[in-house]
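Right, one structure below, let's go through it.
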Amino acid sequence: MRKFLVVLDQTRECLNAMRYAAMRAAHTGGGVTILSVIPPDDYQHWIGVAEIMRAEARETITAHFEVFAKWMRDKQGVNPELVIREGDPVTEIMALVREDPEIGVLVLGAGTDKSGPGPLVTQLSRSSGNLPIPLTIVPGDMSKERLESIT
């Protein structure tokens, strides 16, 4: 089964990437893997604080995932899987792609503000010629209707 890898983060454009990945998976008989990366913290010398922060981050990620997962199951018939990692987002994305041969497409949402499409889109599109899988960039302001029509 081919899986679409989508990144769950705190950006607005993440929603369109989720929608696109779920709709494409539903139309092609594929699956969805949702990756959320917890950035390395600066509190390593405060081990107790760092552990609490990690636990809170995992709870927040899981709560957001459940919202997306319910929509994917109910509306698209797709049961996504959640992967949570810690580290640099680009490094963790690439590691997961190498580890899971079923991942066939990376789906990212592009930001719409003046600062550009976002750090993940910028970094990964620069090296897109060397990626082992296709990269799909979904415009963050694309309407739900337009997404439905192109998937």
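The values are calculated or read from the model by the stated rules, or taken from the named source; none is laboratory data. Only a predicted model underlies this, so the values are computations on that prediction, with no experimental measurement involved. Cβ coordinates were reconstructed from backbone atoms using ideal geometry, including for glycine residues, and neighbour counts include every protein chain displayed. The accessibility values were calculated without ligands, DNA or RNA, using every heavy atom of the protein model including side chains. Shrake-Rupley method; radii C 1.70, N 1.55, O 1.52, S 1.80 Å.
One line per residue, one yes/no per condition, for (1) crowded, with 20+ Cβ neighbours inside 10 Å; (2) assigned to a helix (DSSP H, G or I); (3) more than 11 Å from the chain's Cα centre (by Cα); (4) acidic (D, E):
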residue: A22; (1), (2), (3), (4): yes, yes, yes, no
residue: S36; (1), (2), (3), (4): yes, no, no, no
residue: M53; (1), (2), (3), (4): no, yes, yes, no
residue: A57; (1), (2), (3), (4): no, yes, yes, no
residue: T60; (1), (2), (3), (4): no, yes, yes, no
residue: K70; (1), (2), (3), (4): no, yes, yes, no
residue: N79; (1), (2), (3), (4): no, no, yes, no
residue: M94; (1), (2), (3), (4): no, yes, yes, no
residue: L106; (1), (2), (3), (4): yes, no, no, no
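Could you please let me know if A17 is open to solvent by less than 20 Å² (accessible area, probe 1.4 Å), without any contact (Cβ under 8 Å) to a residue 60 or more places away in the chain and among the aliphatic types (A, V, I, L, M)? Here the answer is no, as A17 does not meet what is asked. Would you pick out the residues in the range 1-11 that are open to solvent by 30 Å² or more (accessible area, probe 1.4 Å) and either under 15 Å from P80 (Cα atoms) or more than 12 Å from the chain's Cα centre (by Cα) (or both)? Passing the criteria: M1, R2.
Is it true that R85 is among the charged types (D, E, K, R) and open to solvent by 80 Å² or more (accessible area, probe 1.4 Å)?
On the way: among the charged types (D, E, K, R): yes; open to solvent by 80 Å² or more (accessible area, probe 1.4 Å): no.
No; evaluated as a whole, the condition is false for this residue.
I'd like to check something: does the range 80-91 contain any residue that is small (G, A, S), within 28 Å of S128 (Cβ to Cβ) and at pLDDT 95 or above? Scanning the range 80-91 turns up no residue that is small (G, A, S), within 28 Å of S128 (Cβ to Cβ) and at pLDDT 95 or above.
Is it true that K114 is assigned to a helix (DSSP H, G or I) and loosely packed, with under 12 Cβ neighbours inside 10 Å? Reasoning before the result, please.
On the way: assigned to a helix (DSSP H, G or I): no; loosely packed, with under 12 Cβ neighbours inside 10 Å: yes.
Against the criterion (assigned to a helix (DSSP H, G or I) and loosely packed, with under 12 Cβ neighbours inside 10 Å), K114 does not qualify.
Considering the range 99-136, and only residues there that are in contact with a Pro (Cβ under 8 Å, 6 or more places away or on another chain) and modelled with pLDDT of 95 or more, the residue that is farthest from L8 (Cα to Cα) turns out to be G104. Beta carbons closer than 8 Å, at least 6 apart along the sequence or on distinct chains, pair a first residue in the range 29-54 that is at pLDDT below 85 with a second that is open to solvent by 30 Å² or more (accessible area, probe 1.4 Å) and of a type in the set (A, V, I, L, M) for D41/M53; Y43/V49; Y43/M53. Is there a residue being at pLDDT 95 or above and farther than 24 Å from M142 by Cβ anywhere in the range 66-77? Looking for residues that are at pLDDT 95 or above and farther than 24 Å from M142 by Cβ, one finds at least one in the range 66-77, hence yes.
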